[in-house]
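Chemist: Below you will find the structure I want to go over with you.
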């Protein structure tokens, strides 16, 4: 018997969207094409989050409340449907103002990081977002790599430049080394691990994430400048 999949608790406010996913046994309704497409996407999100990307399109169609033939009318290939899921769950949730929070010249780096993660983490802290992200990484679907590329460009690299300056390592316009980027990834990985614990390991996490974010940022910044200084030093040595 296969292990029971982790499912969101009904009491979780952060997973309220799951209530809108159609049931596999729901009676099929006559919908206009735009709404039918939306229903298929919602069903695909629920399906991929629960079973990953190995499931067949017939099972997915049942979850979406439509027929296999009708599913193929809207999405002729599984790849096209996965692309729409990526747009729906990942790209549409990214807010440009988050980047502005990281670059606010009127606030300290500590304040900027806390403001960013207090806005960012609740937006991704859901059953569907996290589990699809992990399943995609394991399967090599491409969602994970593309999204992490976005994170590196819009979050990690700006943070690494800030840390380089804080560590007294010169012009922040020079190319960042792999070691410097790793230092910056440390904070992001630590905070994202909260979501892994909750939605992959099914462990309890604090209802209020703000104190956890603040503690993580403070602890990170205590050693980050020194770590960046060491990373820059090793990069210079490696180039000699």
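The values are calculated or read from the model by the stated rules, or taken from the named source; none is laboratory data. These figures come from a predicted structure and were not determined experimentally. Note that each Cβ is placed from the backbone with ideal geometry, even for glycine, and that neighbours are counted across all protein chains shown.
Chemist: Scan 207, 178 and give me the residue that is surrounded by fewer than 20 Cβ atoms within 10 Å (Cβ to Cβ) and modelled with pLDDT of 95 or more.
Modeler: 207
Chemist: Determine which member of the set 58, 84 is over 27 Å from the mean Cα position of the chain (by Cα) and modelled with pLDDT of 90 or more.
Modeler: 58
Chemist: Among the residues of the stretch 103-133, write down those that are assigned to a loop (DSSP other than H, G, I, E, B) and surrounded by fewer than 17 Cβ atoms within 10 Å (Cβ to Cβ).
Modeler: Those that are assigned to a loop (DSSP other than H, G, I, E, B) and surrounded by fewer than 17 Cβ atoms within 10 Å (Cβ to Cβ): 103, 104, 105, 106, 107, 108.
Chemist: Which members of the stretch 63-90 meet the condition of being surrounded by 11 or more Cβ atoms within 10 Å (Cβ to Cβ) and part of a loop (DSSP other than H, G, I, E, B)?
Modeler: 64, 65, 66, 67, 75, listed by residue number.
Chemist: Out of curiosity, is residue 202 out of contact with any helix residue (DSSP H, G or I) (no Cβ under 6 Å at 6 or more places or on another chain), loosely packed, with under 10 Cβ neighbours inside 10 Å, modelled with pLDDT of 95 or more and outside any helix (DSSP H, G or I)?
Modeler: Answer is no for this residue.
Chemist: If we keep just the residues of the stretch 134-148 that are part of a helix (DSSP H, G or I) and without any contact (Cβ under 8 Å) to a residue 40 or more places away in the chain, which is farthest from residue 185 (Cα to Cα)?
Modeler: Of everything passing the filter in the stretch 134-148, 137 is farthest from residue 185 (Cα to Cα).
Chemist: If I ask for residues that are over 20 Å from residue 196 (Cα atoms) and surrounded by 13 or more Cβ atoms within 10 Å (Cβ to Cβ), which ones from the stretch 91-102 would you list?
Modeler: The answer is 98, 99, 101, 102.
Chemist: Just one of (1) at pLDDT 95 or above; (2) crowded, with 20+ Cβ neighbours inside 10 Å trips up residue 224, so point out which.
Modeler: Going through the list (1) at pLDDT 95 or above; (2) crowded, with 20+ Cβ neighbours inside 10 Å, residue 224 breaks only (1).
Chemist: Is there any pair with a first residue in the stretch 197-208 that is assigned by TED's automatic domain parsing to the domain that holds residue 122 and a second that is modelled with pLDDT under 95 and surrounded by 14 or more Cβ atoms within 10 Å (Cβ to Cβ) whose Cβ atoms are under 6 Å apart and which are 6 or more apart or on different chains, and what are they?
Modeler: These pairs meet every condition: 202/6.
Chemist: Of the residues 93, 58, which single one is touching a helix residue (DSSP H, G or I) at 6+ places or on another chain (Cβ under 7 Å) and assigned to a loop (DSSP other than H, G, I, E, B)?
Modeler: None of the other options fit; the residue is 93.
Chemist: Looking at this structure, is residue 149 modelled with pLDDT under 95, within 23 Å of residue 93 (Cα to Cα) and within 15 Å of the chain's Cα centre (by Cα)?
Modeler: Spelling it out, it is not the case that residue 149 is modelled with pLDDT under 95, within 23 Å of residue 93 (Cα to Cα) and within 15 Å of the chain's Cα centre (by Cα).
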